[in-house]
Amino acid sequence: MEGPRLRLRIDPGTASLEIEDKTRRVAVRGFGPRVIVGGRAFRATSAREPRSESVQTPNGPATRISMRCSTELDLELELAVEMSESTSGVTLELAVENTGESAQRIGALEPFSWEETGDCELKLEGDPGAMRWYRMGYQSWTPAGWLRLDRTERRPRIGLLRDLYCGPLTPFPRRGFHASDCATSLRAPGSAGLSLGFVTHRNYLCHIGLSCKGPRPSALYAQASLEEHSLAPGDRTVGERLWLGLDAAGEDGIATWAQHCGREMNVRVPDTTPSAWCSWYQFFTRVTAPDVVRATQHLADQKIPIDTIQLDDGFQAAVGDWREWDAGFPDGIAPIAKEIRASGFRAGLWLAPLLVSRASNTAREHPDWLLRRSDGKPRVALINKDWKGKICYALDPTHPEVLSWLERIARRARKDGFDYLKLDFLYAGTLPGERYDPDLPSGAAYRGAIEAIRRGAGKAAFLLGCGAPLGPSIGLFEAMRIGPDVAPYWASPIADRLFGVKAAPSAVNGLRNVLSRAALHRRLWLNDPDCAVLRDEDTKLDTNEVRTLAATIAVSGGLLVLSDDPDKLSDERGRLQSRLLPPLPFVPEVTLGEGESPDQLSIAFPDGSVLVLRVNLSDSSRALPIDPVALGFEGSVSGYDVWEDRLLDLAELTEPSQPEPAHGCRLVHLVADNDEVRVIGSTLHLASGGFGVESVRSGPEGRAQVDLALRGERRGKLILAFPGRTDATRVHVSFKDRLSLELEASGVEDAFEVSDR
Ligand code: 9PG
């Protein structure tokens with residue numbers, strides 16, 4: 001089978017397949033399907049009856065070849081391979097049928113498995129020493145990134161933290177073995193690569209396993225765990241569909257996978273990205289009703305253009321008792337929603353719906369709702385010293401009474417006026433245990449619980465997942481937290497060491513995932529990078545660190561959530577806050593550097609200009625050159641350094657004289673030089689002139705007409721280039737929502753003040 005970019009060969013004699021890109025940069029020879037039974041892997045031995053047909057797929061019309069494969073057992077595998085004209089990969093689907101006389105327990109289905117033997121080859125481009133594999137990480141807070149093949153990853157030391165951060169069915173890392181949940185990608189920076197990722201997540205938890213000899217891959221498989229599903233004689237069952245992509249040099253295979261996955265799972269990605277204020281990172285569990293009311297009034301009075309106020313953890317009497325109140329909320333939460341809505345905001349509420357505190361009435365009254373371990377004891381899902389009772393149990397996500405209770409909780413929240421729900425600690429829904437319905441696989445069990453919440457919250461509600469297993473959440477949430485908690489300090493090495501993974505709350509831990517999972521944004525859901533903590537009181541973050549946090553969140557395009565007591569924000573930080581709003585309606589391109597997380601995000605704006613962010617998350621200073629050619633500029637280009645507020649020449653872009661200090665970043669707007677009037681820089685928004693400038697037109701007598709549109713009160717500076725002039729024109733403006741101005745080349749700073757009020 002052949003597509004525009006790919007060639008696929010099937011050898012029926014050995015049931016093995018070969019795929020290569022036509023430029024011969026990447027190839028996999030000798031892969032095939034496997035079934036896992038009794039802990040052993042059985043590879044298909046031969047294939048017959050290959051059938052070819054034309055089918056409609058989420059990727060458009062495709063050719064589908066299906067074949068029946070024999071195994072050593074009384075199990076037949078049916079493998080279907082789909083290739084569409086427009087894609088750089090294939091979709092693989094594997095089903096298993098019991099052709100024997102007795103029931104069989106199926107451990108897992110692997111539509112793809114490859115091992116380095118004989119002429120089985122995995123050909124990748126680039127220096128093997130520079131090769132990286134992508135680890136997705138199981139849930140929102142699990143570290144994600146691009147890792148070296150010859151390193152052994154750490155896993156949490158404490159059993160409870162392993163349950164929290166690692167997929168229950170994903171093997172732990174060991175020497176020479178890596179595993180990634182949902183998807184992975186293999187490539188050297190700037191080279192062609194290979195990506196593998198499940199594009200459906202309806203029933204089963206999925207992972208990719210990779211064995212290595214030093215820096216070289218020696219085996220690779222993609223597995224959907226069927227959890228010992230019992231298959232009666234004559235019965236057939238299908239696993240999850242897998243994407244196998246051959247990525248062109250520089251192509252982000254994770255972005256390509258996410259695109260395909262989003263289409264297959266009918267994801268619900270809203271057009272507009274919310275901007276919010278969240279009570280957590282200033283008030284934590286000590287939050288009170290007056291705190292939230294005061295913040296709401298402050299944000300309304302100052303006309304901060306955010307749309308949502310979200311009350312976080314702290315209002316409930318105990319986790320699980322969502323209708324009983326903490327002392328700080330004597331009148332409950334309905335009046336708060338009322339106040340928030342009356343001030344013109346959407347009201348958001350935090351819930352940890354799948355957890356119940358040991359001290360909650362819910363746990364006491366409904367012991368049968370709790371997920372049980374095989375010894376009959378309730379499954380502990382979290383110990384949190386800040387919560388009443390400290391120990392929390394996981395609810396059984398398949399218990400019918402739990403499901404109707406979840407639905408009721410969500411309906412009550414909506415009735416109270418909250419239609420933005422941050423659903424937290426959702427990993428509890430896939431913890432292993434004895435469930436009411438033992439036949440439902442973990443993915444389906446979890447999805448059932450979220451669907452119950454959706455029924456209660458309603459179709460129009462905005463559901464934000466947090467601490468959530470990523471794969472089984474796809475298609476159910478408008479937005480998803482994609483990293484661990486940020487914090488008003490940069491790093492927390494002692495806590496990280498204690499955790500055994502870099503997932504303790506800290507700015508750097510959050511940012512690593514914002515960069516590593518940036519490609520999921522708008523393809524699977526809206527990414528929530530966590531809050532922009534900007535204050536200069538009650539914080540250990542210095543100016544560089546605040547800038548890196550703010551710029552990374554902004555350029556990621558994800559939710560823009562503020563979390564400072566607005567009373568405590570200095571004027572300078574208040575101005576920074578307004579430059580983050582509204583969130584950018586773009587998905588950045590991600591560029592892999594030397595580190596574990598990408599160190600560059602860039603946005604190509606519709607006007608042809610590019611915003612590029614380079615970050616230095618490391619603890620030492622580092623040069624961060626910017627390469628206009630790699631960003632698509634052919635001729636000469638003007639650069640505006642957003643933080644330094646000045647124009648840069650080419651040498652300053654490509655060979656900065658100063659390295660970027662530890663934890664710092666460069667944020668630069670690049671505009672091609674041409675014969676038109678152009679806005680090179682702007683201090684109105686962090687995106688500089690790439691956003692908020694609706695149009696720039698040359699007018700008569702060398703004048704220019706500029707239309708600005710940015711919600712809220714705006715005050716700042718525009719830097720323009722006029723044809724035929726080497727000096728830039730700087731204009732100070734002040735307006736609300738919109739401004740049209742006509743101006744002339746002056747080259748003089750503070751040329752004039754314009755206001756439409
Ligand atoms: C509220 C917070 C915020 C935050 C969430 C989540 O392991 N732990 O004890 C643990 C506590 C809190 C936490 C994550 C882990 O943070 O990410 O935004 O909503 O809950 O409690």
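The values are calculated or read from the model by the stated rules, or taken from the named source; none is laboratory data. The shown structure was predicted, so the numbers you read here are calculated from the model rather than taken from an experiment. As a convention, Cβ positions derive from the backbone with ideal geometry for all residues, glycine included, and neighbour counts pool all protein chains shown. For accessibility, only protein heavy atoms count, side chains too; no ligands or nucleic acids. Shrake-Rupley method; radii C 1.70, N 1.55, O 1.52, S 1.80 Å.
Which of the residues spanning region 376-397 are in a loop (DSSP other than H, G, I, E, B) and within 27 Å of the chain's Cα centre (by Cα)? Spell out the reasoning first.
We begin by selecting, within region 376-397, every residue in a loop (DSSP other than H, G, I, E, B); these are 376-377, 379, 384-390, 396-397.
Within region 376-397, ASN384, ASP396, PRO397 meet the criteria.
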The one condition GLY159 fails out of (1) open to solvent by 10 Å² or more (accessible area, probe 1.4 Å); (2) in contact (Cβ under 8 Å) with a residue 24 or more places away in the chain; (3) under 28 Å from ASP424 (Cα atoms) is (2)
Report, by residue number, each residue of region 493-517 that is free of Cβ contacts under 8 Å to residues at least 60 places away in the same chain, assigned to a helix (DSSP H, G or I), under 14 Å from THR142 (Cα atoms) and of a type outside the set (Val, Ile, Thr). ASP496, GLY510
Is it the case that some residue within region 437-457 is surrounded by fewer than 22 Cβ atoms within 10 Å (Cβ to Cβ) and closer than 20 Å to LEU560 by Cα? no
Being open to solvent by less than 10 Å² (accessible area, probe 1.4 Å) and at pLDDT below 95, is that true of even one residue in region 493-511? yes
Search result, residues across region 525-563 that are away from the ligand (no atom under 16 Å from the Cβ), part of a loop (DSSP other than H, G, I, E, B) and within 16 Å of THR273 (Cβ to Cβ): GLY557
Residue list for region 65-97, restricted to those being open to solvent by less than 30 Å² (accessible area, probe 1.4 Å), outside any strand (DSSP E or B) and under 14 Å from SER46 (Cβ atoms): THR71
Those strands (runs of 3 or more DSSP E) completely within region 204-272 that have 2 or more residues that are open to solvent by less than 30 Å² (accessible area, probe 1.4 Å) are 206-213, 216-231, 242-247
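When region 98-110 is examined, which residues are found to be of a type in the set (D, E, K, R) and open to solvent by 50 Å² or more (accessible area, probe 1.4 Å)? Talk me through it step by step, then tell me what you get.
Going through region 98-110, the residues of a type in the set (D, E, K, R) turn out to be 101, 105, 110.
Across region 98-110, the qualifying residues are GLU101, ARG105.
Taking the residues in region 347-372 that are in a loop (DSSP other than H, G, I, E, B) and out of contact with any strand residue (DSSP E or B) (no Cβ under 7 Å at 6 or more places or on another chain) as candidates, determine which candidate is nearest to the ligand (Cβ to nearest atom). Walk me through how you get there before you give the answer.
We begin by selecting, within region 347-372, every residue in a loop (DSSP other than H, G, I, E, B); these are 352-354, 358-360, 366, 371.
Next cut, out of contact with any strand residue (DSSP E or B) (no Cβ under 7 Å at 6 or more places or on another chain) only: 352, 366.
Values: ALA352: 7, HIS366: 23 Å.
Ranking the qualifying residues of region 347-372, first place goes to ALA352.
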Can you tell me which residue in region 300-319 is nearest to the ligand (Cβ to nearest atom), limited to those that are surrounded by 22 or more Cβ atoms within 10 Å (Cβ to Cβ) and either without any contact (Cβ under 8 Å) to a residue 60 or more places away in the chain or hydrophobic (A, V, I, L, M, F, W, C) (or both)? VAL319
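Restricting attention to region 734-753, which residues are modelled with pLDDT of 60 or more, in a strand (DSSP E or B) and over 12 Å from ALA709 (Cβ atoms)?
If we filter region 734-753 for residues that are modelled with pLDDT of 60 or more, which is where we start, we get 734-747.
Narrowing the set further to residues that are in a strand (DSSP E or B) leaves 734-744.
If the condition is that a residue be modelled with pLDDT of 60 or more, in a strand (DSSP E or B) and over 12 Å from ALA709 (Cβ atoms), then SER734, LEU741, GLU742, LEU743, GLU744 are the ones that fit.
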